[in-house]
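K.L.:
Take this structure, written in structure tokens, and hold onto it; I'll ask about it next.
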Amino acid sequence: MLINYDRGDFKFNRIDIAVIENSNTLRVGQEYSSEIFLTAWDSTLNPNICIKKGDSLAMLPIKNGRGIYRCKAISPGIKTYSGVL
């Protein structure tokens, strides 16, 4: 999605550090890696975040301005999902 944004399009009052791990379970000899970056958000807003489930959208619960997505692993393999913010 390529959209031209202006500085005034984003308002935030909080800055934090985010860590996204590639895995939280490792065996001896496996490599650990993660993405570490700054995030910024407006703590006075709670966004609507939805995950696509079949032909419909499911609203995620929001905690501290972040959508919380959880699902059970029911089969092996790579899984993908999409959503709307």
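K.L.:
In nm, what is the difference between 0.36 nm times the number of residues separating residue 34 and residue 74 and their Cα-Cα distance?
P.N.:
This chain segment gains 11.9 nm when fully extended.
K.L.:
Let me ask something else about it. Please arrange 82, 23 by how many other C-beta atoms lie within 10 Å of their C-beta, fewest to most.
P.N.:
So the residues, fewest neighbours to most, are 82, 23.
K.L.:
Taking each pair of distinct Cα atoms in the chain once, what is the resulting Kirkwood hydrodynamic radius in Å?
P.N.:
16.2
K.L.:
Moving to a separate point now. Under 24 Å Cα to Cα from residue 72, which lysines show up? Leave out anything in the same chain fewer than 8 places away.
P.N.:
Within the straight-line cut-off, residue 72 pairs with 52, 53, 63.
K.L.:
Separate question: Taking a label point 7 Å from the Cα of residue 12 along the Cα→Cβ vector, which residues of the range 55-85 have an amide N closer than 16 Å to it?
P.N.:
Under 16 Å, as judged by backbone N against the label point of residue 12, lie 64-67 of the range 55-85.
K.L.:
While we're here: Quick check: net charge around residue 83, other residues with Cβ under 11 Å of its Cβ, Lys/Arg +1 and Asp/Glu -1?
P.N.:
Cβ neighbours under 11 Å give a net charge of +2.
All of the numbers you see were taken from the coordinates with simple rules; none came from a lab. Treat the numbers as computed from the prediction; the structure is a model and nothing was measured. Note that each Cβ is placed from the backbone with ideal geometry, even for glycine, and that neighbours are counted across all protein chains shown.
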